[in-house]
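S.K.: Okay, here's the structure, questions in a sec.
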Amino acid sequence: MKLLEIQSSVRQEGSVSRTLSNYFIQVWETAHSKIEHKKRDIGINPPAHPTELWTKANYTLTEERSPEMRAILTRSEELIEELLWADRLLLGVPMYNFSIPSTLKVYLDNVVRINRTFTFEPVTYTFQGLIRNKKALIITPSAGNFVAGTALGKMNFCDTYLQSVLNFIGINDVVVVPIPNQFMSEEIRQPEIENAQAKLMNLAAEW
Ligand SMILES: Cc1cc2nc3c(=O)[nH]c(=O)nc-3n(C[C@H](O)[C@H](O)[C@H](O)COP(=O)(O)O)c2cc1C
């Protein structure tokens, strides 16, 4: 089983998403044999934003691309190949201003590409995801509580958005483990961590 871990917190020290991801990977690895694990640290080393040349290259047929066009798509191609390689995706995703970290958005801009990770059929106006047979797990801490059904739930454009994008490229089996209230007192914060650990422990055996 091949695991691609994608981390997007800018923090190393005290990062809840990284700590809980490590916890999950440890439990998951003991429950499975023949594990391959790659880590893509978007929080520390994000890919470049798309540029005008990048965009032109993206919409030019592969065989018609100039050497400059091919060069500018190199990183994007690597990231897509890595995504195709994986059976499982683990995403550590802190909520930043009600959404995903901007570095993760840049990553998505690099991998959500027509005829690479999705297709568009103009006659029927339908989109089709090309990233098949994968499962994703999103571990998403936040200072407050933006879980669906709570007072601030409608302001959650973080895991809701990410789920939509993953679905769009064909990844439909997506589990979200939120860890809310991380800026609250220790009595409130710590049980949220333990609750998430329990969910991750249960998931590890079957994922
Ligand atoms: C730039 C920035 C924006 C943030 N915006 C929000 C927010 O909109 N809502 C929220 O509940 N927490 C917000 N937080 C808090 C983080 O979600 C929280 O500290 C989380 O634990 C960070 O993940 P990490 O511990 O893995 O680094 C923000 C933090 C940063 C650095």
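S.K.: Looking only at region 163-179, how many residues end up being closer than 24 Å to residue 27 by Cα and in a loop (DSSP other than H, G, I, E, B)?
M.R.: Final tally of qualifying residues: 2.
S.K.: To continue, here is another question. Can you name the residue in region 1-59 that is within 16 Å of the ligand (Cβ to nearest atom) and aliphatic (A, V, I, L, M) and is also surrounded by the fewest Cβ atoms within 10 Å (Cβ to Cβ) among such residues?
M.R.: Selected residue: 44.
S.K.: Looking at region 99-127, which of the residues that are outside any loop (DSSP other than H, G, I, E, B) and hydroxyl-bearing (Ser, Thr, Tyr) is surrounded by the fewest Cβ atoms within 10 Å (Cβ to Cβ)?
M.R.: Residue satisfying both the conditions and the ranking: 126.
S.K.: State all residues of region 168-191 that are acidic (Asp, Glu) and closer than 13 Å to residue 131 by Cα; if no residue qualifies, say none.
M.R.: Scanning region 168-191 gives a single hit, 173.
S.K.: State all residues of region 55-76 that are part of a helix (DSSP H, G or I) and touching a residue at least 12 places away in the same chain (Cβ under 8 Å); if no residue qualifies, say none.
M.R.: Answer for region 55-76, where residues must be part of a helix (DSSP H, G or I) and touching a residue at least 12 places away in the same chain (Cβ under 8 Å): 56, 57, 58, 68, 69, 70, 72, 75, 76.
S.K.: Which of the residues belonging to region 146-162 are in a loop (DSSP other than H, G, I, E, B) and more than 12 Å from the ligand (Cβ to nearest atom)?
M.R.: Answer for region 146-162, where residues must be in a loop (DSSP other than H, G, I, E, B) and more than 12 Å from the ligand (Cβ to nearest atom): 148, 149, 151.
S.K.: To continue, here is another question. Determine, yes or no, whether residue 148 is of a type outside the set (Ser, Thr, Tyr), over 12 Å from the mean Cα position of the chain (by Cα) and at pLDDT below 95.
M.R.: So residue 148 passes the test.
S.K.: Given the criteria surrounded by fewer than 14 Cβ atoms within 10 Å (Cβ to Cβ) and either polar (S, T, N, Q) or part of a helix (DSSP H, G or I) (or both), does residue 182 qualify?
M.R.: no
S.K.: Is it the case that some residue within region 71-90 is crowded, with 19+ Cβ neighbours inside 10 Å, aromatic (Phe, Trp, Tyr) and under 20 Å from the mean Cα position of the chain (by Cα)?
M.R.: No, region 71-90 contains no residue that is crowded, with 19+ Cβ neighbours inside 10 Å, aromatic (Phe, Trp, Tyr) and under 20 Å from the mean Cα position of the chain (by Cα).
S.K.: I'd like the residue in region 96-117 that is in contact with a helix residue (DSSP H, G or I) (Cβ under 8 Å, 6 or more places away or on another chain) and within 8 Å of the ligand (Cβ to nearest atom) and, out of all such residues, is farthest from residue 38 (Cα to Cα).
M.R.: 98
S.K.: Something else: Counting only residues that are under 17 Å from residue 16 (Cα atoms) and either within 10 Å of the ligand (Cβ to nearest atom) or touching a helix residue (DSSP H, G or I) at 6+ places or on another chain (Cβ under 9 Å) (or both), how many does region 163-191 have?
M.R.: Selection size over region 163-191: 10.
Conditions tested, residue by residue: (1) of a type outside the set (Gly, Ala, Ser); (2) touching a residue at least 12 places away in the same chain (Cβ under 8 Å); (3) at positive phi.
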position	(1), (2), (3)
82	yes, yes, no
91	yes, yes, no
100	yes, yes, no
120	yes, no, no
126	yes, no, no
142	no, yes, no
149	no, no, yes
159	yes, yes, no
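S.K.: Sticking with this one: If a residue must be outside any helix (DSSP H, G or I) and modelled with pLDDT of 95 or more, how many such residues does region 22-37 contain?
M.R.: Number of matching residues: 2.
S.K.: Still on this structure: Run residue 203 past the list (1) part of a loop (DSSP other than H, G, I, E, B); (2) within 28 Å of residue 29 (Cα to Cα) and report the number of the one that doesn't hold.
M.R.: The single condition residue 203 does not satisfy is (1).
S.K.: Just checking, how many residues over region 128-142 are more than 16 Å from the ligand (Cβ to nearest atom) and assigned to a loop (DSSP other than H, G, I, E, B)?
M.R.: Count: 5.
The values are calculated or read from the model by the stated rules, or taken from the named source; none is laboratory data. Since the structure is predicted, the reported quantities are computational estimates derived from the model, not experimental observations. Here the Cβ is made from the backbone with ideal geometry for all residues, glycine too, and neighbour counts use every protein chain on show.
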